[in-house]
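Worksheet: one structure, shown below.
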Amino acid sequence: MSTGQRLEVWYDGNCNLCRQSRSWCEQRAGRSRLGFIDFRAVPDDRLPVPRHKLETSMWVQTLDGQLLSGFDGWRRILSTVPRWRWLAQLSGVPPFRWLGPPLYRLVAHRRNHLPT
């Protein structure tokens with residue numbers, strides 16, 4: 001990870017829901033913990049995963065270089081947000097752990113059609 005200080009969050013800058021989620025996170029966690037990168041503004045050779053994967057899911061790169069996508073990425077983001085860490089922990093236990101990934105995929109697939 002290039003920053004060495006924070007999570008890198010690769011998101012779709014053309015998506016209203018994605019931009020609002022970024023704003024929500026930055027207001028609560030600050031930019032020192034989360035670095036948001038619009039994958040559409042980055043050349044292919046600088047992306048952590050192929051562009052087609054970024055078009056279907058948000059990706060998080062941890063301090064140790066691990067890549068997490070979708071629901072797992074959101075859980076990792078929430079674990080850095082003060083007062084919301086409890087939700088990251090709760091979402092890791094059944095039945096939330098089972099329901100989270102398909103729900104994330106459903107929202108991600110329809111993100112451009114959801115009211116924001």
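The values are calculated or read from the model by the stated rules, or taken from the named source; none is laboratory data. All figures in this text were calculated on a predicted structure; none of them were measured in a lab. Counting neighbours? That spans all protein chains shown, and the Cβs are built from the backbone with ideal geometry, glycine included. For the accessible areas, the whole protein counts, side chains as well, though only heavy atoms, and no ligand, DNA or RNA atoms are used. Shrake-Rupley method; radii C 1.70, N 1.55, O 1.52, S 1.80 Å.
In table form, for the structure just shown:
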quantity	calculated
W84 paired with L103, simple spin-label distance in nm, labels 7 Å along Cα-to-beta-carbon	1.5
Signed unit charges on C-beta, dipole axis of region 1-95, positive-most listed residue Q66, L87, V9	L87
Förster radius 25 Å - calculated FRET efficiency between L67 and A41 (Cβ-Cβ, nearest 0.05)	0.85
Heavy-atom accessible area order for L68, L34, L90, largest first, 1.4 Å probe	L90, L68, L34
Anisotropy class of region 47-116 from Cα gyration tensor, a/c 1.5 cut	oblate
Ellipsoid semi-axes in whole angstrom, largest first, where each is sqrt(5λ) of the Cα gyration tensor of region 1-78	17, 15, 12
R0 of 35 Å, Cβ-Cβ distance S32-H113: FRET efficiency to nearest 0.05	0.55
Protein-only accessible surface order, largest first, of S32, S57 at 1.4 Å	S32, S57
Within the chain, percent of DSSP bridges classed antiparallel, to nearest 5	55
Loop-located chymotrypsin sites (Phe, Trp or Tyr not before Pro) in region 59-100, at most 16 other Cβ atoms within 10 Å (DSSP)	W84
Trypsin sites (Lys or Arg not before Pro), loop per DSSP, at most 14 other Cβ atoms within 10 Å - longest free stretch of the chain	32-82
